[in-house]
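Chemist: Sharing a structure, written as structure tokens. Questions coming.
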Amino acid sequence: MRSTTIVKASDITRKWHLVDASGHTLGRLSSEIAKVLRGKHKPIYSTFLDTGDYVIVVNCEKITVTGKKLDQKIYKRYSGWVGGLKQTTLREKLAKKPEDVIYHAVKGMLPKNALGAQMLKKLHVYAGPNHKNQAQMPEALEITY
């Protein structure tokens with residue numbers, strides 16, 4: 001008989017990865033980031049544990065989208081009051097707060113439970129080329145799709 005090894009939380013080692021988002025497509029980049037946050041790139045991946053790594057995303061204002069998504073993709077939020085629906089297009093969101101675009105896309109690709117919230121805390125998104133996580137010595141992550 002073969003036995004399957006179950007990974008423990010103490011066996012997990014986490015790395016820091018740096019992703020340059022300039023020139024990448026929003027959805028394809030977000031799915032690769034979500035894969036690293038979940039830990040699916042590791043052989044010790046387990047569905048009930050957070051085995052993923054930390055991800056730093058820089059230059060997120062330089063992402064691209066295909067088609068007419070800049071004007072047709074709409075982000076909605078609702079205050080709870082009558083007439084409290086606020087709508088923002090992707091173009092407006094990229095102009096005001098481009099970090100939210102990648103954050104929102106990656107959040108939608110993670111599990112919708114406490115484990116997904118724990119994974120999302122390991123995502124750090126910055127609009128420009130500078131970030132404040134130099135001390136962690138992140139490795140450059142090549143995104144190939």
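The values are calculated or read from the model by the stated rules, or taken from the named source; none is laboratory data. Every value quoted in this text rests on a predicted model; they were computed, and no experiment measured them. A quick note on method: Cβ atoms are made from the backbone with ideal geometry, for glycine too, and the neighbour counts reach across all protein chains shown.
Chemist: Within region 62-74, does at least one residue satisfy the condition of being under 22 Å from MET137 (Cβ atoms), loosely packed, with under 15 Cβ neighbours inside 10 Å and either of a type outside the set (D, E, K, R) or more than 15 Å from the chain's Cα centre (by Cα) (or both)?
Modeler: Checking region 62-74: not a single residue is under 22 Å from MET137 (Cβ atoms), loosely packed, with under 15 Cβ neighbours inside 10 Å and either of a type outside the set (D, E, K, R) or more than 15 Å from the chain's Cα centre (by Cα) (or both).
Chemist: Filter region 4-32 down to residues that are over 15 Å from the mean Cα position of the chain (by Cα) and either crowded, with 19+ Cβ neighbours inside 10 Å or not in a loop (DSSP other than H, G, I, E, B) (or both), then give me how many there are.
Modeler: Result for region 4-32: 3.
Chemist: A follow-up question, please. Could you please find all residues in region 103-132 being surrounded by 14 or more Cβ atoms within 10 Å (Cβ to Cβ) and more than 20 Å from GLY27 (Cα to Cα)?
Modeler: Once the filter is applied, which keeps residues that are surrounded by 14 or more Cβ atoms within 10 Å (Cβ to Cβ) and more than 20 Å from GLY27 (Cα to Cα), region 103-132 yields LEU115, GLN118, HIS131.
Yes/no per residue for (1) assigned to a loop (DSSP other than H, G, I, E, B); (2) crowded, with 16+ Cβ neighbours inside 10 Å:
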site: ALA34; (1), (2): no, yes
site: ILE44; (1), (2): yes, no
site: LEU49; (1), (2): yes, yes
site: LYS93; (1), (2): no, yes
site: VAL101; (1), (2): no, yes
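Chemist: Give me the pairs, please: first residue somewhere in region 7-19 and over 14 Å from ASP53 (Cβ atoms) and of a type in the set (D, E, K, R), second residue anywhere and surrounded by 16 or more Cβ atoms within 10 Å (Cβ to Cβ) and at pLDDT 90 or above, beta-carbon distance under 9 Å, and either six or more positions apart or on two chains.
Modeler: What qualifies is LYS8/LEU49.
Chemist: Do you know which residues across region 97-121 are farther than 22 Å from SER22 by Cα, touching a residue at least 24 places away in the same chain (Cβ under 8 Å) and hydrophobic (A, V, I, L, M, F, W, C)?
Modeler: The answer is LEU110, LEU115, MET119.
Chemist: While we're here: Out of region 52-77, which residues are hydrophobic (A, V, I, L, M, F, W, C) and either under 25 Å from ASN130 (Cβ atoms) or modelled with pLDDT under 95 (or both)? Walk me through it before giving the result.
Modeler: Let us first name the residues in region 52-77 that are hydrophobic (A, V, I, L, M, F, W, C), namely 55-58, 60, 63, 65, 70, 74.
Of everything in region 52-77, those that are hydrophobic (A, V, I, L, M, F, W, C) and either under 25 Å from ASN130 (Cβ atoms) or modelled with pLDDT under 95 (or both) turn out to be VAL55, ILE56, VAL57, VAL58, CYS60, ILE63, VAL65.
Chemist: Output the number of residues of region 1-58 satisfying the condition of being small (Gly, Ala, Ser) and in contact with a strand residue (DSSP E or B) (Cβ under 8 Å, 6 or more places away or on another chain).
Modeler: Residues meeting the conditions: 2.
Chemist: Test GLY83 against the stated conditions and say whether it is out of contact with any helix residue (DSSP H, G or I) (no Cβ under 9 Å at 6 or more places or on another chain) and part of a loop (DSSP other than H, G, I, E, B). Talk me through it step by step, then tell me what you get.
Modeler: Working: out of contact with any helix residue (DSSP H, G or I) (no Cβ under 9 Å at 6 or more places or on another chain): yes; part of a loop (DSSP other than H, G, I, E, B): yes.
Judged against the criteria, GLY83 is a match.
Chemist: Considering only region 42-101, state which residues are acidic (Asp, Glu) and closer than 20 Å to ALA117 by Cβ.
Modeler: Taking region 42-101 and keeping what is acidic (Asp, Glu), we get 50, 53, 61, 71, 92, 99-100.
If the condition is that a residue be acidic (Asp, Glu) and closer than 20 Å to ALA117 by Cβ, then ASP50, ASP53, GLU99, ASP100 are the ones that fit.
Chemist: Next question. Give the residues of region 122-137 that are farther than 24 Å from LEU94 by Cβ and either in contact (Cβ under 8 Å) with a residue 24 or more places away in the chain or not in a helix (DSSP H, G or I) (or both), sorted by residue number.
Modeler: Filtering region 122-137 for residues farther than 24 Å from LEU94 by Cβ gives 134-137.
Of everything in region 122-137, those that are farther than 24 Å from LEU94 by Cβ and either in contact (Cβ under 8 Å) with a residue 24 or more places away in the chain or not in a helix (DSSP H, G or I) (or both) turn out to be GLN136, MET137.
Chemist: Considering only region 131-143, I want to know if a residue exists there that is within 20 Å of GLU32 (Cβ to Cβ), in contact with a strand residue (DSSP E or B) (Cβ under 7 Å, 6 or more places away or on another chain) and modelled with pLDDT under 95.
Modeler: Checking region 131-143: at least one residue is within 20 Å of GLU32 (Cβ to Cβ), in contact with a strand residue (DSSP E or B) (Cβ under 7 Å, 6 or more places away or on another chain) and modelled with pLDDT under 95.
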